[in-house]
1. Check residue B:279 against each of (1) surrounded by fewer than 24 Cβ atoms within 10 Å (Cβ to Cβ); (2) within 17 Å of the chain's Cα centre (by Cα); (3) under 25 Å from residue B:383 (Cα atoms) and name the one condition it does not meet.
2. Looking at (1) over 17 Å from residue A:165 (Cβ atoms); (2) at the interface with chain B (Cβ under 10 Å from one of its Cβ atoms), which one does residue A:348 not meet, given that it meets all the others?
3. Scan (1) assigned to a strand (DSSP E or B); (2) within 19 Å of the chain's Cα centre (by Cα) for the single condition residue A:18 breaks and write down its number.
4. For region B:126-150, give me the residue count where each residue is surrounded by fewer than 20 Cβ atoms within 10 Å (Cβ to Cβ), under 30 Å from residue B:382 (Cβ atoms) and in contact with a helix residue (DSSP H, G or I) (Cβ under 8 Å, 6 or more places away or on another chain).
5. Kindly list the number of the only condition in (1) modelled with pLDDT under 95; (2) more than 10 Å from chain A (Cβ to nearest Cβ) that fails for residue B:126.
6. Restricting attention to region A:258-273, does a residue exist that is surrounded by fewer than 21 Cβ atoms within 10 Å (Cβ to Cβ), farther than 18 Å from residue A:213 by Cα and at pLDDT below 95?
7. Could you go through region A:190-198 and let me know if any residue there is buried (at least 19 other Cβ atoms within 10 Å of the Cβ) and over 23 Å from residue A:371 (Cα atoms).
8. Could you identify the single residue in B:393, B:338, B:374 that is under 27 Å from residue B:320 (Cα atoms) and crowded, with 23+ Cβ neighbours inside 10 Å?
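The values are calculated or read from the model by the stated rules, or taken from the named source; none is laboratory data. These numbers were taken from a predicted model, which means no experiment stands behind them. So basically every Cβ, Gly included, is an ideal-geometry build from the backbone, and we count neighbours across all protein chains shown.
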């Protein structure tokens, strides 16, 4: 797919992608919807106002969705509309566009509507209601299980029967680039001591989790589960997510109700939502087929292909240092698909709303340096060597973590852009 | 405290209370703020529009908060304003009101603004962002611990050091009176079998949890913990809460990340928010003092009195049957105070927003028939006898549960009203 717009070959935002986001700039101070294309954001508020969607009947009565500070109204229109809008924008931006008058030949509108990405500020794309985090990365669950229970009992008995999940904290989901203060709380200075007595401390085992996450488009009512065959139609699109984790706080607090303060201080997502349809060409069979007989029928998909082939990577840079890619993984390493997660979430009758965020869980490969967390890669014992020679068991103040992920090939990448976070020192407290 | 309005002596909504809520009726179709007084709701939108607040300077520039479909804007004004508004309304409704012209002598306004509670519909009082549920009921945690681990290890090592909590599901919090469909999901028909293989079934161990919960008024920024000494000023008010729980779904799903589907199908709250100041006269020392030395300083309160003396009860009625009060408890049975919960929640830097809901955890006493759940009272083995002679291990379809709680004495009760939910059969699904 070629565009009349110059698009760098390595851009995650090729014409094959067209992800949606919310931006502002020094010139547009209110938040507006946009799509990313190459090195530019196309301001959909300006584009729509200037008649840019005049050749797309399906959206005519809904043009107000492009004059909103979040994508919730657009997402709520449903998958058929998202698909048509994306394909239409691909046509408008295509080298042989049938509508050259709309943007290609309209240089004054280009000046107003096409903004260099370097000059825009990205915001959270959706007003998030609830955020749920799954645990569908089989290798991650296994690796963590080995650390805690040994290889014979690494996976809990429920793991291959249902997508384990917990409710997360929605208020602290932030867009890429937001710095994260090192959290403080109760940790065990000496976990072996008896009785166990906690100390108050900045987290000493601050970690990342490499995840994908998806936003809900159309809601379901309380008491009305979504059928597995319809679940994908409730999915708006996908982002990369770093589920920052305080391992020492978690180890002390998590019995018996799961992680809480260890996760609630920040979760970073990429700001461009890649539509579920944009990922369709990369569908593949994951670790086990989605239609496997061992699943209860409410989780059994029609087809085997329940995963996406999306290479992922984790890069760490210390303050003023050189970047080091410490891990290469792939979205194929998920045991459950997004529709399976959604069907399971609603099977009790739980209602999902437009803008709800559902995370995949940490995506680790099987081999060394394919792990999606420091805990798995170092276990606090074997350090990671960074390019400048320094070593890491966990994150230090000033470290910057970048998650990346893109499917496809050069010139046609469908990617998420960088998911960036820098660790700031713990805030000073007085008691 | 006496009112010129006839208030039944056993009303939870005495002049000493003045709880806030959101109502509609056949005549007022949009949702409006109100307070409850005796058998009436005072429509604050009508009252404010008619100059009802003319003698309260503090609220003059904020009268629009009474023209909103939730209490969030009012709550965000802060504790000083809530206190003044409550005291002002007490004066307006007092037998010797200094402002008789505002309502007492204005019968046409009374007709318009004072609506019989039987004729109004209650709605969720707040737009809830995140919902968190604590586990601060010491006796409940002990009782459950005995069931799972025996009396010697009933409490986890962290229990007396921090208020254990998990993130809950905000979307399915519903106001009293909303029926609850029996949830369905994966359960173990034979928990002792090896390998464990789940079956799909309606929940067979459907339970309640008797809790209090509080709403957040003023928010805190991400990265900025709330000091324990200031925490109470971030609390708007308190409601009763029934955290419906599917014990068999929970037992299978909860390792290693805690309850998820077992809790996400519905959580019922009373619709009238009792201001934190209204509960102040009932402050008492709980199980252990709030200023105990064993707490880390960020959780240590200035004063010992960290609980409220609020008698609570659980009533169950089968379809068409007689009501049976199956349990009497008291809010004193909480090990941690609301300010301690809030300080702990934010110590990592987690941001709380106006409207966030924080639950106490199940409030059980030490004795028989003081338990806040069926699981504790029956353990699935010793049935509860209802007034009509039928027996219950857990809830059956058609059962109605009512939680009640009121502090104070006859004529001056500060109560929550009924927290009601009826169990509907599981919805029929086709796979």
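1. (3)
2. Condition not satisfied by residue A:348: (1).
3. (1)
4. 2
5. Among (1) modelled with pLDDT under 95; (2) more than 10 Å from chain A (Cβ to nearest Cβ), residue B:126 violates only (1).
6. No; the residues of region A:258-273 include none that is surrounded by fewer than 21 Cβ atoms within 10 Å (Cβ to Cβ), farther than 18 Å from residue A:213 by Cα and at pLDDT below 95.
7. Looking for residues that are buried (at least 19 other Cβ atoms within 10 Å of the Cβ) and over 23 Å from residue A:371 (Cα atoms), one finds at least one in region A:190-198, hence yes.
8. Among B:393, B:338, B:374, only B:374 is under 27 Å from residue B:320 (Cα atoms) and crowded, with 23+ Cβ neighbours inside 10 Å.
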